[in-house]
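Participant: Dropping a structure here in structure tokens format, bear with me for questions.
Coordinate-derived values only; no laboratory data. Predicted model only: the values in this text are computed from it and were never measured. Note: ideal-geometry Cβ built from the backbone for every residue, glycine included; neighbour counts use all protein chains shown.
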Amino acid sequence: MNKKNIILIGFMGVGKGTIAREMVAQSDYFAIDTDDIIESLENTKIKKIFAKLGEPYFRDLEKKCALWCEKNIQGTIISTGGGFYRQENIHKIGTVVYLKASFESIIQRLKNAPNSKSKFKKRPLLQDLEEAKKIYNQRVKEYEDVADIVIDVDDFDEQKAVQNILKAI
Ligand code: S3P
């Protein structure tokens, strides 16, 4: 059994974790999340890592996590933080799937979520929506360029997104 990993990339709040969980429900894959790995490594929430140690420190942890995934993870769905797509070894880890949605629909969906406040609060780069939009605009082409597969999730139909991913890989 030598299935490749599936790496889910995309902007904050696009639903990488949710889609990873739905994929687990619809297939025999298991899933891990790079932010969860980093939080457990540091025993600290991402928000606190940014506040206390700064973004560059967090990016170093992402790199460490990417190298660890390359060496140790097989046949697994890996959901990632929104900036993880920049890891140089990403294609050595597995097949890169970009979950694509417009900035406006991502923000609307987060605002409509029952736990909306915490979804914004836990994300240091979503505190100022004007700044977040700039980050989105900077990244949107880069996500497409890095991706092996692009899946449109603007309608946020997770089951459909998973079927499309499973068809495409
Ligand atoms: C980040 C996205 C976050 C988290 C960190 C930085 C980014 O993950 O990794 O706050 O640079 O886009 P989510 O994409 O799960 O929000």
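Participant: Chymotrypsin sites (Phe, Trp or Tyr not before Pro), restricted to segment 22-91: which are DSSP loop and have at most 11 other Cβ atoms within 10 Å?
Facilitator: Loop-located and lightly packed - none at all.
Participant: Run the numbers on the chain and let me know its relative contact order in percent, using alpha-carbon pairs under 8 Å that are six or more apart.
Facilitator: Numbers: 227 pairs, mean separation 58.1, N = 169.
Relative contact order of the chain: 34 percent.
Participant: Rounded to whole Hz and in sequence order, give me ³J(HN,Hα) for segment 126-140 from the Karplus expression 6.51 cos²θ - 1.76 cosθ + 1.60, θ = phi - 60°, writing x for Gly and Pro.
Facilitator: For segment 126-140, the Karplus-derived couplings read 10, 6, 10, 5, 5, 5, 4, 4, 5, 4, 4, 4, 5, 8, 4 Hz, x marking Gly and Pro.
Participant: Taking θ as phi - 60°, what are the ³J(HN,Hα) couplings along segment 59-75 by the Karplus curve (6.51, -1.76, 1.60), each to the nearest whole Hz, with x for Gly and Pro?
Facilitator: Once θ is set to phi - 60°, the couplings for segment 59-75 become 5, 5, 5, 4, 5, 4, 5, 5, 5, 5, 4, 4, 7, 10, 10, 9, x Hz.
Participant: Check cross-link reach from K52 to the aspartates and glutamates: straight Cα distance under 14 Å, and skip same-chain residues fewer than eight apart.
Facilitator: E39, E42
Participant: How far, in nm, would the chain grow between L129 and Q74 when pulled straight, counting 0.36 nm per residue and subtracting the alpha carbon separation?
Facilitator: Working: separation 55, 0.36 × 55 = 19.80 nm, distance 3.64 nm.
Taking L129 through Q74 to full extension adds about 16.2 nm, to one decimal.
Participant: Could I ask something else about it? Is segment 58-102 best put as rounded, prolate or oblate by its Cα gyration tensor, with a ≥ b ≥ c the root eigenvalues, rounded for a/c under 1.5, and otherwise prolate when a/b is larger than b/c, oblate when not?
Facilitator: On the way: a/c = 2.01, a/b = 1.20, b/c = 1.67.
Cα axes put segment 58-102 in the oblate bin.
Participant: Further question on the same structure: Mind putting together the pair-distance distribution for the chain? All Cα pairs, 5 Å bins, whole percent per bin, short to long.
Facilitator: 1, 8, 18, 22, 22, 17, 9, 2, 0, 0
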